[in-house]
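Peer 1: First, the structure itself, so that you have it in front of you.
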Amino acid sequence: MSLVTRPPDRRVSIDASTRLPVLVFFTSAVFWLVTGSFLAILASIKMHTPGFLASTSWLTFGRVRPAHLNAVAYGWASMAGIGVLLWLMARLSRAELRYPWLLAVAGGIWNVGILLGIVGILSGQSSGIEWLEFPPYVPPILVAAYAIVGVWAVVTFRDRREKHVYVSQWYLFGAIFWFPWLYTVTNLLMVYQPITGVTQASVNWWYGHNALGLWFTPIGLAAAYYLIPKVIGRPIHSYYLSILGFWALALFYNWNGAHHLIGGPVPAWLVTVSSVASGMMIIPVGAVAINHHMTMWGYFHVLKYSPTLRFIVFGSMCYTAVSLQGMSQSFRTLNQVTHFTHYTVAHAHLGLYGFFSMVMFGCIYYIMPRLTGWEWASSRMIKIHFWTTALGIGSYWTILTWGGLMQGIELNDSDLPFMTIMKRTIPYLWSRTFSGVLMTTGHLVFAALFAMNLLHLGERRTEPTLLGDNDDNVATESAQAPPVLGSSH
Amino acid sequence: MNNAPAIFLGVFLVFASAWLGLIFAPYAQLSGLAPVVPAEGGDAYPRPLGGLAAQGRVIYRVNGCIYCHSQQIRSERFGTDIARGWGPRRTVARDYIYDSPHLLGSMRTGPDLANIGARQPSAQWHHRHLFNPTWTSPGSIMSPFSFLYETRKIVGQKSVDALPIPKGYPLADGYEIVPSDHAKALVAYLQALDHTTPLPEAEEQ
Amino acid sequence: MTLTEIIWMACAFIFGGTAVWGLSWSVRAGQLDDLNGAATSIFDDDEPVGLRTDGFPTGQVEKFR
């Protein structure tokens, strides 16, 4: 084996080509994360203390809540996701991004869309469609920005120097093509040329569910499939399973959405098909769970050192949990209890936060130093970030899952007056605010850390980027330092 | 060996099939639904909303009532919606043929509102409740919608639609609280929410 | 057969057909020929298998425990 078959700075120059757009997307994402977190706390407080800041229309619960959802879904999660997508696509194709500044423009346009959308919702122009509350003038802006991103990802792929299409790329392609489909079709059918009635509800949940499963999930899984092996330096356990998992996701996920309407006024076959498809999700989910776990087997101690790995493995575990929970919720017996309760809210947060957001945090910890050439300033702050968010989402999920179960069981007891049930949920709602404050604290720490990295604040580090025990064969990514080859393994 | 187009087409097609199944099929099945005229005569059901109620629906939508209220009654065999008195029968696709955007809702922090017009016909009750939910429902965690109301000086006679103010509420002498146009429209919409008319397909054996 | 049923059938065909087709492409293109090699395609001489590429930062910070 020759030591160097290509210039050692190849990877560095590929990373560098993604610097501008990825930093634009990440910076915006962090901004929307913080904004969305404050909107979340505001909405959460309003649920148990309805009089709080209630005299202005802009801050009524029914507007703050969708503003929160859209800020975190399209601002934070999507922008972080696109940043990761671009970086990963360039790296996996082993090709530089061309004209990166155009992608930065796309990031700018996307931001304008989100800003207009959030202000639109708060000012009372919400479309009233869950997951698509942005007023009708916003979607075209987002689509325009997205078009640039999608085309660029494809162009980068065509430029590829790596022959093999790695499993992460399959997932990325899923996301790249599914999202515009979902988004434009749903907007057409619900906003611009609306169909009516329950068919619309079916489209609505097809979108709402798929946004999670066919946009966020593939990006999250693509990142996990790349970074887990990369960080620990070990190929994934079963490549075969990973490909199988991808195809199973593509086949079954799409059909799941209508299980949001179980018991509702829709044709029974629709819900049945959805529930069956939800059950089939055991295949893709099992494939991912087994694979990630087995890849980590014997390497769990690395979680002690690597922030990236720690966030991503946490997220990956949440993916398994949230998927199994989602499957169980599509069964009628459980759905009869949990539908319309806080249980569903807990489930949604486990998916978008416990899984996706945590994976994104992990990615950002890995990617940023490679773009800015500056190490993270403080491992203590990273630790605070990890523990506040992990405990935050953990307590959030536990509290609302339990509270939602109680609420559901009580709602199914018609002798219990509604007001009694409502009052019994209040302690859970308070605890939720507490969890939210915990997570937001973490986000503020993270934002500070991120800004310090971006602005090269703190002490300049001359040491190799990485640490661990010195006898561990960890290596630096920095362009100057010679590659440290793995020793005996 | 650039197989990129092939991959793209594959992903595209997989997606298209579920689209047919989940979107087109229900559409094909349901888009033909029309109002029915009861056998014993009378108005066709359902009817499109009247002007004021239609405006009220917009107020309902933009102020996010759906995040706490559903508008769907589930079958007797699924949950206790009917036993709670939220409606005499389950709601079916025909009930919603004029709805756009749909407001079925996904959360029940508050009660289902599919039949609130039949259950609570009083406009004054609704106005007092919306202005401050705890006036009618002590302990309620529903958000107050006082911004839909105006506090103004009484000129001449007190307005007919001025809200009765509970004792202890800090309102200066000579002032009254009246619903804005938005509030009136919203209440007209709530009063129009009524899916109690029997439908053959909603019957359960 | 009703319209819905026809659509169902059509879906099933497109649905299944596409999956088969997509996978068969992977096979034809040799994407699945060497699964062990495939899994290592993200490594190279620069960052070979066995090399860890991440850890907590050093500098002024204490070691992470």
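Peer 1: Among the lysines, select those whose C-alpha is under 28 Å from the C-alpha of B:LYS184, and discard any that sit fewer than 8 residues away in the same chain.
Peer 2: Within the straight-line cut-off, B:LYS184 pairs with A:LYS46, B:LYS153, B:LYS158, B:LYS167.
Peer 1: In degrees between 0 and 90, to the nearest 10, how far off the longest principal axis of chain B does helix B:181-192 point, with axes built from Cα atoms?
Peer 2: 60 degrees
Peer 1: Under 23 Å from the Cα of A:LYS230, which lysines turn up, not counting those fewer than eight places away in the same chain?
Peer 2: A:LYS163, A:LYS304, A:LYS383, C:LYS63
Peer 1: Which order do A:MET452, A:MET327, A:MET317 take by accessible area at a 1.4 Å probe, largest first?
Peer 2: Accessible-area ranking of A:MET452, A:MET327, A:MET317, largest first: A:MET317, A:MET452, A:MET327.
Peer 1: Report the Cα centroid-to-centroid distance between region B:123-163 and region A:56-101 in angstrom, as an integer.
Peer 2: 41 Å
Peer 1: Across all directions of projection, what mean area in square nanometres is found for the Cα convex hull of chain A?
Peer 2: 23.0 nm²
Peer 1: What do you get for the angle between helix B:4-19 and the principal long axis of chain B? Use alpha-carbon atoms, 0 to 90 degrees, nearest ten.
Peer 2: 60 degrees
Peer 1: For chain B, with all protein chains present and a 1.4 Å probe, just round the carbon and sulfur fraction of the accessible area to a whole percent.
Peer 2: 56 percent
Peer 1: By how many nm would the segment from B:ILE165 to B:GLU150 lengthen if fully extended, with 0.36 nm per residue of separation less the alpha-carbon distance?
Peer 2: That pair, B:ILE165 and B:GLU150, stretches by 4.1 nm at full extension.
Peer 1: I would also like to ask the following. Could you grab the relative contact order for chain B? Cα pairs under 8 Å, six or more apart, rounded to a whole percent.
Peer 2: Rounded, it is 24 percent for chain B.
Peer 1: Another one. Rounded to the nearest Å, what's the spacing between the alpha carbon centres of region B:34-66 and region A:187-203? Just the number, please.
Peer 2: 17 Å
Peer 1: Expressed as a whole number of Å, what is the distance separating the alpha-carbon centroids of region A:326-363 and region A:154-183?
Peer 2: Between the Cα centres of region A:154-183 and region A:326-363 lies a distance of 27 Å.
Peer 1: Rounding to the nearest 10 and keeping the result within 0 to 90°, find how far the Cα-based axis of helix B:51-62 lies from the longest principal axis of chain B.
Peer 2: Compared with the principal axis, the helix lies near 80 degrees.
Peer 1: Counting only complete DSSP H runs, which helices of chain A cover 27 Å or more along their long axis at the Cα atoms and score a mean Kyte-Doolittle of -1.0 or above?
Peer 2: The qualifying helices are A:19-48, A:100-122, A:139-158, A:167-187, A:307-329, A:379-411, A:418-454.
Peer 1: Where both partners of a DSSP beta bridge lie in the protein assembly as shown, what percent of those bridges are antiparallel, to the nearest 5?
Peer 2: Of all bridge pairs located within the protein assembly as shown, approximately 75 percent are antiparallel.
Peer 1: Could you tell me the relative contact order of region A:254-481? Use alpha-carbon pairs under 8 Å, at least six residues apart, and round to a whole percent.
Peer 2: Reported as a whole number, the value is 20 percent.
Peer 1: State, as an integer percentage, the relative contact order of chain A based on alpha-carbon contacts under 8 Å between residues 6 or more apart.
Peer 2: 15 percent
Peer 1: Roughly how many nanometres apart are two label points built 7 Å out from the Cα toward the Cβ at A:HIS456 and C:ASP34?
Peer 2: Between A:HIS456 and C:ASP34, the simple spin-label model gives 4.2 nm.
Peer 1: Taking a probe of 1.4 Å, how large is the accessible area per residue of the protein assembly as shown, in Å²?
Peer 2: Heavy-atom SASA per residue in the protein assembly as shown reads 37 Å².
Peer 1: Something else about it: Name the long-range amide H neighbours of A:HIS237: under 5 Å, sequence gap of 5 or more, or other chain; modelled H, no Pro or chain starts.
Peer 2: Long-range HN contacts for A:HIS237: A:THR295.
The values are calculated or read from the model by the stated rules, or taken from the named source; none is laboratory data. Predicted, not measured: the structure shown is a model, and the values here were computed from it. Virtual Cβ from ideal backbone geometry, glycine too; neighbours counted across all protein chains shown. Protein only, heavy atoms only, side chains kept; ligands, DNA and RNA dropped before computing areas. Shrake-Rupley method; radii C 1.70, N 1.55, O 1.52, S 1.80 Å.
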